[in-house]
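Remarks on the structure that follows.
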Amino acid sequence: MPLIHFEMADSTERTQIGEGLVRFAVQAGRLETGRTEGKYFLTHADGCGEDGKRIKPGDAFCFDTETGDILCIEHCTERSKET
């Protein structure tokens, strides 16, 4: 299961995740903790791994657990067709 689809980003910098995704976020260097809003967050301030497009609050996006890339929904669709 390399691509994990998120229906909605929390902010341009991070999205809250559950414990099941922590291991993947750590491996990718994308885990943030210690915030009052929640325990675990996936960081994505660098935008889409293909074109750098910022992920905006409310945007759908994907996290590629194999590469650590964050992808906008358009590039997520393209990558999912490749596998």
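Taken together, the values in this text are just the output of simple stated rules run on the coordinates, not laboratory data. Source: prediction; values computed, not measured. Every residue, glycine among them, receives a Cβ derived from its backbone with ideal geometry; neighbour counts consider all protein chains shown.
Quick look at the values:
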read-out	value
Helical mean residue ellipticity (222 nm; -39500 (n - 2.57) per DSSP H run of 4+; nearest 500) of the chain	-5500 deg cm²/dmol
Kirkwood-based Rg to Rh ratio, the chain, C-alpha trace	0.94
All aspartates and glutamates inside 14 Å of residue 81 as judged from Cα atoms, apart from same-chain residues fewer than 8 positions distant	64
Cysteines having no other Cys beta carbon under 4.7 Å from their own, within the chain	none
Loop-resident sites, segment 6-83, for GluC sites (Glu not before Pro), counting at most 11 other Cβ within 10 Å (DSSP)	7, 37
